[in-house]
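Let me begin by presenting the structure, written as structure tokens, before commenting on it.
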Amino acid sequence: MFALALDLDENYFHEKTNKAASFMRTLHYPPQEGVVTERILGIGAHSDWECFTILWQEPGIQALQVLNSQKEWINAPPIPGTFVVNLGDQFARWTNGIFKSTVHRAINRSGVRRYSIPFFVGANWDAKLEPIPGCVSPERPLQYDVITAGEYVRSKLAETYGH
Ligand SMILES: O=C(O)CCC(=O)C(=O)O
Ligand SMILES: [Fe+2]
């Protein structure tokens with residue numbers, strides 16, 4: 001689907017994702033007690049590092065918000081029987097910024113505990129995040145250094161946990 005949206009052959013991403021470094025985790029957001037302020041966040045504003053994320057949210061609890069192009073936070077409520085799909089940084093790099101990675105955060109102000117399960121779909125560790133043909137032009141110069149997906153994720157891990 002992503003390949004077709006970019007006018008590419010439907011198998012274009014196959015060899016870049018056939019040994020995908022994908023993973024899933026379960027997150028628990030305990031109910032927050034006391035005064036709830038803007039400083040109390042479950043997971044702060046970020047974009048995911050992989051190609052895209054398929055997210056299961058606990059039904060009936062609003063917590064996830066996404067930043068729209070006007071820089072406003074918009075609720076992304078759980079809809080029964082659906083997943084949220086967020087684009088990640090690896091797609092932004094492949095498309096030289098034509099696909100934007102979704103900036104999002106999760107704040108549990110419901111008073112009850114919340115679980116969510118994201119499944120992060122990454123490119124092969126050795127896949128180069130080089131721009132897809134047609135995504136670089138004089139009007140859209142190259143925006144990112146070309147590195148591998150593994151190098152990218154390692155740099156984000158070091159930035160996030162390396163202190
Ligand atoms: O819990 C959520 O709804 C979002 C989780 C998330 O953004 C993440 O794990 O990267
Ligand atoms: Fe995320």
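GNM on the chain, alpha-carbon springs under 10 angstrom: the most fluctuating residue among 71, 100, 16 is 71. Each of 49, 76, 144 was placed along the dipole of segment 2-161 (beta-carbon charges, centred on the mean Cα), and the one lying farthest toward the positive end is 76.
Under a model in which nothing but the beta-carbon of Lys, Arg (+1) and Asp, Glu (-1) is charged, segment 2-161 shows a dipole of about 540 debye around its Cα centre. Computed on the Cα trace of segment 2-161, the radius of gyration divided by the Kirkwood hydrodynamic radius gives Rg/Rh = 1.00.
Entry note, the chain: relative contact order of 31 percent, from Cα contacts under 8 Å with a spacing of 6+ residues. For the chain, the longest principal axis of the Cα atoms and the long axis of helix 149-161 meet at an angle of about 30 degrees.
The count of lysine pairs in segment 2-161 with alpha-carbon distances below 17 Å, taking only pairs 8 or more places apart or on different chains, stands at 4.
Here, each number is a calculation from the coordinates, and none is a lab measurement. On a predicted model such as this, the values are computed, not experimentally measured, just so you know. Here Cβ is always computed from backbone atoms with ideal geometry, including for glycine, and neighbour counts include all displayed protein chains.
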